[in-house]
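The values are calculated or read from the model by the stated rules, or taken from the named source; none is laboratory data. Being a predicted model, the structure only gives us computed values, none of them experimental. For neighbour counting, all protein chains shown are included, and Cβ atoms are generated from backbone atoms with ideal geometry for every residue, glycine included. In case anyone asks, the SASA skips ligands and DNA or RNA and just uses the protein heavy atoms, side chains included. Shrake-Rupley method; radii C 1.70, N 1.55, O 1.52, S 1.80 Å.
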Amino acid sequence: MSHPHETGHAVALSYEPGLPIPRGKLCLWVFLSTEIMFFAGLIGAYIVLRFGVPEGTWPTPTQVHLVEWIGAANTFVLICSSVTIVLAFEAAKQDRADVAKRWFVATLLLGSVFLGVKGYEYSQKFAHGIHPARPRSGIYDKPDVYYVSAVGQSIAAQVSRLQQASEQGIAGPETAEQVRELQEVREHLVQWTSFSVGRETDPVRQRLALAAFAHAVYPLGHDAVLEEFLKDEAASLAAPLEAARASKKAAEERAAAITERLAAIDAAEQERAAREQAGETPSDEETAARTAETAERTELYAEQTTLDTERNRLIQEVDRLEGRTRMLAKVAELEHGVAEGLHLDLPLMIPSGNTWADTYFLLTGFHALHVFIGLFAFGLMLPLRLGASRATMVENLGLYWHFVDLVWIFLFPLLYLF
Amino acid sequence: MTDPHSDHAAGGNQTGLFLKVFGALCVLTAISFAVASSPLMNDRTVGWTLMLGVSCAKAFLVISYFMHLRWERAWKYALTLPTVVMAILLVAALVPDIARRTRHYAESRWRHASEGSVTADSVGGSAAGHPEAGHPEAGDPDAGAVAPSEEAADESNAAQGTP
């Protein structure tokens, strides 16, 4: 009888990992699953915010200076970098270290191009006054009196800053021109709107006037109704301006006549005084004329005083109407509104623009951070020989990089094309 | 012990396959870019669905080929499916409260909500300004047909072949 347990067959034990993959790769996949949830949270938040905004208020790409083809080009760059890193992994597996290094460097360069383009896009947003958050961000969600007053306050702050600079002698040669333009906008656009909206009793026209103001500062696109509204206003100013000019002219003429008459009275009085000194006794007629002239002079002085007030008021009225007419002509002429056209840093009215800016910068910012971390890892591995012994390392970094590409695959249409 | 990469490394050089996938990804990107500027966007839901479909296809290509999940064993499901389910549930949980929030806005909330084109409202004649009333989307095909003249209506009927 044989004893199978004594035949000396040693049981061959070998280590079997729980999953048939290297531990590093397992760690990376666990990390990537948490990343999936992280970005799903961000993208999900974007989607629900995007579709939850009041109907028709989400900014179009042009309104927020988003260029679709740049985003598409960046998508292409990232897809290319995904291919190059997968080719680097292939080469590393076959122990062709030089080839692997070449593809690796190509990936690093493509990732840097992506980040550079992203930086350019950000700088374009900042240059146009679109920032992630207040107080830097000057985006208002609706054209209301708060928006008008915010534009006024922004101009006041800028004017005082520029004036301070020129007092300290650190102002450039264009400062005076800038201050003049800012004050022009403040008087004939901001103050005019607050006055006229305050006097307007029809709520529909009130809303139209406020929307037309926002349109003049930063047009969200071609709007026939608002443009018509502004054109109508310019036309309606012509008659009052003509009337004010005529009254001003009449007042000036009357003032000149009064001055002339007063001079004549004074001359007559001087003549009489000279004759009295020469010893002549004034006749009764002369005494009567003198009394009448004295009374007339008192009256003329009184009229002159009221006329002065009236004339000043008319001068201001003509200035106001002329300034507004000038401003409306300028607004009609400037295609991109006062803020863009005159290069003024003013609060912008973009409906749901704050939600847009919050989500855009949050999503692209976190994605760019991931790209940056990937590039940092590429940089760390750059000095190593990327042979077969390091294939797993290249594979793991590649997996991370593909994930970054994957996120952008969803971000591009969601942020640029929706 | 088996080599973990043997499953897919056996095929040898896969560069050709990866380049094919790359080509497909470029074509898909071009498609979503083209959809965005095509008349398909007139009905936004169609355009959005198409673009998200294209994105999912691209994601599938990247995950299965570039990330090698196509050649991995069953562990891939254990790691990816729960997270995907969690991710979808997370977003779905936000929908009733946030994505549909404006459907239950009170008048007092509308007063502080951002509003679309004011002119769309005032032209319609409603001063109170319920942004849902005015449909400012220029691409809305219904917008042009607010008050069609009778001749135009006849013509369009004729064009559609109805008497």
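Size descriptors for segment A:264-418, from the alpha-carbon set: Rg then Dmax equal 42.6, 133 Å.
Model label points for B:Cys26 and A:His222, set 7 angstrom from Cα along the Cα-to-Cβ axis, are 3.6 nm apart.
Based on the Kirkwood approach, the hydrodynamic radius assigned to segment A:102-227 is 17.8 Å, with every pair of different Cα atoms included. Extension gain, A:Ala12 to A:Lys249, is 73.7 nm, computed as 0.36 nm per intervening residue step minus the present C-alpha separation.
The protection proxy used here, the mean number of other Cβ atoms lying within 10 Å of each residue, ranks peptides A:58-68, A:304-314, A:35-45 as follows, highest first: A:35-45, A:58-68, A:304-314.
Only the Cβ atoms of Lys and Arg (+1) and of Asp and Glu (-1) were treated as charged; on that basis the dipole of segment A:81-150 about its Cα centre amounts to roughly 100 debye.
Working note: Debye formula, equal point scatterers on the alpha-carbon atoms of the protein assembly as shown, no solvent; log10 I(q)/I(0) at q = 0.05, 0.06, 0.07 Å⁻¹ is -0.40, -0.52, -0.64.
With 10 Å bins beginning at zero, the pair-distance distribution over Cα atoms of segment B:13-99 amounts to 15, 32, 34, 18, 2, 0 %.
With r defined as the distance between the Cβ atoms of A:Glu200 and A:Ala267 and R0 fixed at 60 Å, what FRET efficiency is calculated, to the nearest 0.05? Don't skip to the answer; put the middle values down first.
Details: r = 53 Å, r/R0 = 0.89.
So the FRET efficiency works out to roughly 0.65.
Working note: Cα atoms of segment A:52-150, range along each principal axis, descending, whole Å: 69, 26, 20.
Give me the percent of the accessible area of the protein assembly as shown that comes from carbon and sulfur atoms, probe 1.4 Å, all protein chains in place.
Its accessible area is 60 percent carbon and sulfur atoms.
Dipole check for segment A:269-327: with +1 at the C-beta of Lys and Arg, -1 at the C-beta of Asp and Glu, and the Cα centre as origin, the magnitude is about 620 Debye.
Entry note: segment A:354-418 has Rg to Rh equal to 1.13, where both radii use alpha-carbon atoms and Rh is the Kirkwood radius. Dipole size of the protein assembly as shown about its Cα centre, with +1 on Lys/Arg Cβ and -1 on Asp/Glu Cβ: approximately 3980 debye, rounded to the nearest 20. As I understand it, the dipole of the protein assembly as shown uses +1 on the Cβ of Lys and Arg and -1 on the Cβ of Asp and Glu, about the Cα centre. Which of A:Gly221, A:Phe372, B:Val62 lies farthest toward its positive end? Looking along the dipole axis, the top candidate is B:Val62.
Total buried accessible area between A and B, probe 1.4 Å, nearest 100: 5800 Å².
Note: relative contact order over segment A:117-273, using C-alpha pairs below 8 Å and six or more positions apart, is 18 percent. Segment A:28-87 and segment A:288-343 have Cα centres lying 58 Å from one another. Here's how it looks for A:Leu348: its modeled amide H is under 5 Å from those of A:Gly138, A:Ile139, A:Tyr140, which are all 5 or more places away or on a different chain. Couplings 3J(HN,Hα) of segment A:178-195, computed from phi: 4, 4, 4, 5, 4, 5, 4, 5, 4, 6, 9, 10, 6, 5, 4, 5, 4, 5 Hz, in residue order, whole Hz [Karplus 6.51 cos²θ - 1.76 cosθ + 1.60, θ = phi - 60°; x for Gly and Pro]. Take each residue in A:340-351, count the other chain C-beta atoms within 10 Å of its C-beta, and the mean is 1. In chain A, the DSSP-assigned H stretches of four residues or longer account for a calculated mean residue ellipticity at 222 nm of -26000 deg cm²/dmol, using -39500 (n - 2.57) per stretch and the full residue count as denominator. The simple Förster model, with R0 at 35 Å and r as the Cβ-Cβ distance, assigns B:Leu89 and B:Arg44 a FRET efficiency of 0.85.
Determine which aspartates and glutamates satisfy two conditions relative to A:Lys93: a Cα distance under 16 Å, and not lying fewer than 8 residues away in the same chain. Qualifying aspartates and glutamates at Cα under 16 Å: A:Glu395, B:Asp3, B:Asp7. Answer with one residue from A:Ser166, A:Pro22, A:Val117: the one whose Cα lies farthest towards the positive end of the charge dipole of chain A, charges on Cβ with Lys, Arg +1 and Asp, Glu -1. With unit charges placed on the Cβ atoms, the residue in question is A:Pro22. Which one of A:Trp69, A:Phe39, A:Val148 is farthest out on the positive end of the charge dipole of chain A, using unit charges on Cβ (Lys, Arg +1; Asp, Glu -1) and the Cα centre as origin? Projecting each Cα onto the dipole axis, the largest value belongs to A:Phe39.
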